[in-house]
């Protein structure tokens, strides 16, 4: 079952890398959305969070500096869930549902990052 660990690890890592790259590919629109959500220094926030997501994903993929990366990803995911996906402030039911789903996704991913802190063997296992 070692291959399941490898497949799951690669998928988990690629998810974060993709999201980080997306921050740069859609920098303007993400910065505008961050400004709309009243994030201070929205451009800097998008830039730093993009780097964090890419770095965290690469760390998961390689197993290098894994504990700090998992902690940073968990903190980022909870912070963005509360500040960006604040569904409880929205009146439109469709927008509220979309943000609630993103909020729950971020919380679940943060929980997965925290659980992965217990993994002690980050070898490829091949």
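Modelled spin-label separation between residue 117 and residue 67, with each label point placed 7 Å from Cα along the Cα-to-Cβ direction: 1.0 nm. Given the choices (1) 14.6, 48; (2) 15.5, 51; (3) 15.1, 43, Rg and Dmax of the Cα atoms in Å derived from the coordinates of this structure is entry (2). Per the Cα gyration tensor, segment 39-79 maps to an equivalent ellipsoid with semi-axes of 21, 11, 6 Å, ordered largest to smallest.
Extending 7 Å from the Cα toward the beta-carbon at both residue 27 and residue 4 defines two label points whose distance is 4.2 nm. When each of the peptides 47-57, 26-36 is scored by how many other beta carbons lie within 10 Å of its residues on average, the order from highest to lowest is 47-57, 26-36.
The slack between residue 96 and residue 75, meaning 0.36 nm per residue of separation minus the straight C-alpha distance, is 5.3 nm.
A simple spin-label model places pseudo-atoms 7 Å from Cα toward Cβ; at residue 89 and residue 11 they are separated by 3.4 nm.
Once C-alpha pairs closer than 8 Å and six or more residues apart are averaged by separation and normalised to the residue number of segment 1-95, the relative contact order reads 29 percent. Each stretch of four or more DSSP H residues adds -39500 (n - 2.57); spread over every residue of the chain, this sum gives -26500 deg cm²/dmol at 222 nm.
Bear in mind these aren't lab numbers, they're just calculated from the coordinates by the rules spelled out. Here the structure is a predicted model, which is why all the values come from computation and not from measurement. Don't worry about glycine lacking a Cβ; one is built from the backbone with ideal geometry, like all the others, and counts go over all protein chains shown.
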